[in-house]
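Input: a single structure, listed below in structure tokens.
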Amino acid sequence: MSLQSAQRENPTSAAAATEASRSPFVRLTDLIAGIAPGKPVINLSVGEPQHAIPDFVGPVIAQHVAEFGKYPANKGTDPFRQAVAQWLGRRYALEKPVNPESEVLVLNGTREGLFLAAIAAKRYVKNRAGTPAMLIPNPFYAAYAAGAAAAECEPVYLPCRRETGFLPDLDALDPALLKRTVAFYFASPANPQGAVADRAYLDKLVALSRRYGFIIFADECYCEIYTKDKPAGMLEAAGAGFANTIVFHSLSKRSNLPGLRMGFVAGDASFLAAFLELRNVAAPQVPTPLQHVAVAAYNDEAHVQKNRELYNAKFDLADQIIGDRYGYKRPAGGFFLWLDVSKQGGSEAVTKLLWAEAGVRVVPGKYLAREQADGSNPGADYIRVAMVQNAETTAEALHRIVEVLG
């Protein structure tokens with residue numbers, strides 16, 4: 001891959017740029033509007049966990065309900081930040097313990113954190129050699145591109161295709177691009193492909209960030225959903241000072257709490273101090289009763305293990321029902337199938353077909369990615385299937401997909 005294939009967004013028209021920047025789910029709704037589902041609907045489009053929430057959630061909120069009457073501190077409560085720091089120390093092989101006072105901040109879900117961090121990074125990272133850029137894996141989580149736009153940085157989309165293990169090709173990055181990079185968004189396990197970066201890959205990325213002076217924004221929201229081996233974490237590669245390295249975590253996937261809007265950011269203390277200055281005037285605060293729930297969640301692994309077992313059982317179903325069709329290979333992490341439907345007509349055509357004939361709602365991979373400078377779209381040949389329903393419903397949906405697509 002050359003810089004020519006990892007270049008700035010270059011849509012053919014203003015209309016194309018506007019369309020590409022819309023929510024993938026809004027575009028999906030438009031795509032199938034007016035088409036009646038062929039069977040009772042099974043929604044596998046949204047990555048919204050459907051497993052039961054942990055038993056402790058309600059009692060913890062009830063115990064602290066009076067605290068909804070107080071303004072919370074923007075950086076997070078002491079017990080929350082301590083619980084996060086201790087969990088990070090248990091989960092990852094870190095060179096030093098995380099300092100809860102200076103190296104952890106609470107987030108109102110990771111989406112707003114990933115978005116606002118871009119603005120903070122633009123202010124924090126100085127002396128870029130040219131137009132400030134933010135590097136984004138392609139396909140990607142929409143908040144990355146929205147953050148780059150808000151920070152008035154050029155989004156540079158790095159294609160993540162099968163031949164590169166569905167991760168950005170670090171060896172192909174042009175030094176001229178890296179010299180003007182402000183931040184590098186990175187996800188492992190990746191959404192949507194489920195690719196997991198090994199420690200050597202993370203070490204290489206950290207080395208690039210130190211050499212060229214950019215910040216790594218590591219989105220690790222799917223880190224607790226994996227098939228076999230625990231994904232390595234970016235803080236492990238960052239060393240004792242966590243310099244230039246920021247990780248984002250959430251309880252949405254780990255604990256089946258997407259509606260709690262609870263997450264955290266951890267890492268480089270210097271950047272987090274600057275980030276907190278922005279958050280103090282721009283970010284939503286997190287109610288303290290919800291932070292108490294998070295303390296309980298990060299101190300309990302039983303519900304996380306049960307959750308992981310439920311997902312693995314559904315991937316066992318995919319192994320049996322999908323088999324070797326559509327380029328399927330069980331992902332190392334996350335809870336999506338990334339199915340190659342190029343032989344069936346591509347992502348948009350197949351999405352409409354599955355809706356019309358099977359009542360199965362999936363997301364066209366095209367909507368999760370942007371066109372590269374050469375006009376190709378790394379998601380155009382794929383559909384994303386969220387394995388979030390129960391096992392019975394999931395099996396039914398997979399059988400329907402195979403029945404329709406062959």
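The values are calculated or read from the model by the stated rules, or taken from the named source; none is laboratory data. What you see is a predicted model, and the numbers here were worked out from it, not measured in a lab. All Cβ positions, glycine included, derive from the backbone under ideal geometry; neighbour counts span all protein chains shown. Accessible surface is based on the protein model in full, side chains and every heavy atom, while ligands, DNA and RNA are left aside. Shrake-Rupley method; radii C 1.70, N 1.55, O 1.52, S 1.80 Å.
Considering only protein heavy atoms and a 1.4 Å probe, what is the carbon-and-sulfur percentage of the accessible area of the stretch 212-319? Don't jump to the answer; show the numbers that get you there.
On the way: 1710 of 3200 Å².
Here carbon and sulfur together make up 53 percent of the probe-accessible area.
Can you put 104, 65 in order of accessible area, largest first, using a 1.4 Å probe? Please report the intermediate quantities before stating the final value.
Values: 104 0, 65 80 Å².
Ranking 104, 65 by accessible area, largest first, yields 65, 104.
Per the helix-only calculation at 222 nm, which mean residue ellipticity applies to the chain, given -39500 (n - 2.57) for every DSSP H run of n ≥ 4 and division by its residues, nearest 500 deg cm²/dmol?
On the way: 15 runs with 160 residues, N = 406.
When only DSSP H runs of four or more count, the value is -12000 deg cm²/dmol.
Give the calculated FRET efficiency between residue 373 and residue 329 to the nearest 0.05, with a Förster radius of 30 Å applied to their Cβ-Cβ distance.
On the way: r = 28 Å, r/R0 = 0.95.
For residue 373 and residue 329, the calculated efficiency is 0.60.
Expressed as cubic angstrom per residue, what is the convex hull volume of the alpha carbon set of the chain? Mind dumping the intermediate values first?
Working: hull volume 56.6 nm³, N = 406.
About 139 Å³ per residue, rounded to a whole number.
Given bins 5 angstrom wide, list per bin the percent of all Cα-Cα distances in the stretch 192-275, short to long.
Result, from short to long distances: 3, 14, 23, 24, 18, 13, 5, 1 percent.
Apply the Karplus parameterisation 6.51 cos²θ - 1.76 cosθ + 1.60, with θ equal to phi minus 60°, to every residue of the stretch 351-356 and state each ³J(HN,Hα) to the nearest whole Hz, in sequence, with x for glycine and proline.
After applying 6.51 cos²θ - 1.76 cosθ + 1.60, I find 4, 5, 5, 5, 5, 5 Hz.
Need one number: nm distance between label points at residue 101 and residue 171, each 7 Å from Cα along Cα→Cβ, rounded to one decimal.
4.5
If you add up the charges near residue 219, with Lys and Arg at +1 and Asp and Glu at -1, over every other residue whose beta carbon is less than 12 angstrom from its beta carbon, what do you get?
Details: positive: 111, 253; negative: 220.
Its environment carries a net charge of +1.
Between residue 228 and residue 403, how many nm apart are label points set 7 Å from Cα along the C-beta direction?
Placing both labels 7 Å beyond Cα along the Cβ direction yields 3.4 nm.
Using the basic label-point model (7 angstrom from Cα toward the beta carbon), what is the residue 51 to residue 29 distance in nanometres?
2.9
Sequence gap at least 6, Cα distance under 8 Å: using those rules, report the relative contact order of the stretch 279-396 to the nearest whole percent.
About 24 percent, as a whole number.
Ordered by residue, what ³J(HN,Hα) values in Hz, to whole numbers, does the stretch 201-206 give under the Karplus form 6.51 cos²θ - 1.76 cosθ + 1.60, where θ = phi - 60° and Gly and Pro are x?
Rounded to whole hertz, the list is 5, 4, 4, 5, 5, 4.
Of the candidates 210, 199, 90, which one comes out as most mobile in a Gaussian network treatment of the chain with C-alpha springs shorter than 10 Å?
Sorting by GNM fluctuation, first place goes to 90.
With both partners inside the chain, how many of the DSSP beta bridges are antiparallel, as a percent to the nearest 5?
Details: 18 of 38 bridges.
Just about 45 percent of them are antiparallel.
Above 16 Å lies some portion of the pair distances; for the stretch 229-305, what is it as a whole percent of all C-alpha pairs?
On the way: 1798 of 2926 pairs.
Looking at the stretch 229-305, the distances longer than 16 Å represent 61 percent of pairs.
If the chain between residue 150 and residue 36 were fully stretched, how many nm would it gain, using 0.36 nm times the residue separation less the Cα-Cα distance? Spell out each step's value before the answer.
Details: separation 114, 0.36 × 114 = 41.04 nm, distance 3.77 nm.
Fully extending the segment from residue 150 to residue 36 adds 37.3 nm.
Enter the accessible area of residue 111 (Å², nearest 10), with the probe set to 1.4 Å and all protein chains included.
140
Under a cut-off of 30 Å between alpha-carbon atoms, report the lysines in cross-link reach of residue 366, not counting same-chain residues fewer than 8 places apart.
Partners within reach: 39, 122, 179, 204, 228, 230, 253, 314, 329, 343, 352.
Given R₀ = 45 Å, FRET efficiency for residue 18-residue 70 by Cβ-Cβ distance, to 0.05?
Values: r = 42 Å, r/R0 = 0.93.
Calculated value: 0.60.
Report ³J(HN,Hα) in whole Hz for each residue of the stretch 126-136, in order, from the Karplus equation J = 6.51 cos²θ - 1.76 cosθ + 1.60 where θ = phi - 60°; Gly and Pro get x.
10, 6, 7, 8, x, 4, x, 10, 10, 8, 9
In Å, the Kirkwood hydrodynamic radius of the stretch 268-406 over pairs of distinct alpha carbons? Don't jump to the answer; show the numbers that get you there.
Working: mean 1/r = 0.0556 Å⁻¹.
18.0 Å is the Kirkwood radius here.
Using a 10 angstrom cutoff on alpha carbons, build the Gaussian network for the chain and name the most mobile of 140, 115, 25.
Its mean-square fluctuation being the largest, the pick is 25.
Can you tell me the length gained on complete extension of the stretch residue 306 to residue 277, counting 0.36 nm per residue apart and subtracting the Cα distance? It would help to have the intermediate numbers written out before the result.
Values: separation 29, 0.36 × 29 = 10.44 nm, distance 3.84 nm.
Residue separation times 0.36 nm, minus the Cα-Cα distance, leaves 6.6 nm.
Tell me the accessible surface of residue 254 in square angstrom (1.4 angstrom probe, heavy atoms of protein chains only), to the nearest ten.
Using a 1.4 Å probe on the heavy atoms, I get roughly 10 Å².
Compute the signed sum of charges (Lys and Arg +1, Asp and Glu -1) over the other residues within less than 13 Å, Cβ to Cβ, of residue 80.
On the way: positive: 75, 81; negative: 67, 78, 101.
Summing Lys and Arg as +1 and Asp and Glu as -1 gives -1.
Counting heavy atoms of the protein chains only and a 1.4 Å probe, report the per residue accessible area for the chain as a whole number of Å².
That works out to 39 Å² per residue.
In a GNM of the chain with a 10 Å cut-off on Cα contacts, which of 157, 92, 382 has the highest mean-square fluctuation?
Ranking 157, 92, 382 by mean-square fluctuation puts 92 first.
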